[in-house]
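Each reported figure results from applying straightforward, stated rules to the coordinates on display, with no laboratory input. Because the structure is a prediction, the values reported are computed rather than measured. Cβ sites come from the backbone with ideal geometry, for glycine too, and all protein chains shown count toward neighbours.
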Amino acid sequence: MHNICVISINVTHMKKAVAFYCDILGFQISTVYDEDYIIGLKHEHIPLILNKVDTVTKVDYPHEAQVVLGIQTNDLKASIADFKARGIEVLFDTPQACPPGTYSAIRDPFGNVIELLEFAGD
């Protein structure tokens, strides 16, 4: 059996990545391995790493194979409005139904998709 031990988020500009993931999403830096190439973010279970790469991507979400991060919100409508007000690309303006509740999605400045999930009963 294999266990996931880290999730790397590929970004092309580390300062923009820190601004997005810390200032917008609320993560905090845990470890600076190399300020230009690898920065760890605080996370309870599986470490998140910002990893500098050369090229931005823009996959055709949700139609192409990809890994998608999911973050939980207790008020999806408010989260959608907040991200739109901050100029973040929101992929669904209204909550979409899914088996565990509702979701929307945003795109980070590097083309990575992040789903916003509000679980039923939250």
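Just a few scattered comments:
- Cα gyration tensor shape for segment 1-62, rounded if a/c is under 1.5, else prolate or oblate: rounded
- Shape category assigned to segment 56-122 from the gyration tensor of Cα positions, a/c cut at 1.5: oblate
- Spatially, segment 38-64 and segment 67-114 are offset by 16 Å when compared through their Cα centroids.
- Cross-link pairs beyond the 20 Å C-alpha cut-off, checked among Lys16/Lys52; Lys15/Lys52; Lys16/Lys58; Lys16/Lys42; Lys42/Lys84; Lys15/Lys42: Lys42/Lys84
- Note on the chain: Cα Rg divided by 2.2 N^0.38 Å, N the number of residues, gives 1.07.
- Förster radius 30 Å - calculated FRET efficiency between Thr94 and Lys42, Cβ distance, rounded to 0.05: 0.45
- Of the residues Gly111, Ala65, His13, the one whose Cα sits farthest toward the positive end of the charge dipole of the chain, with +1 on the Cβ of Lys and Arg and -1 on the Cβ of Asp and Glu, is His13.
- Pairs of Cα atoms nearer than 8 Å and 6+ residues apart set the relative contact order; for the chain it is 23 percent.
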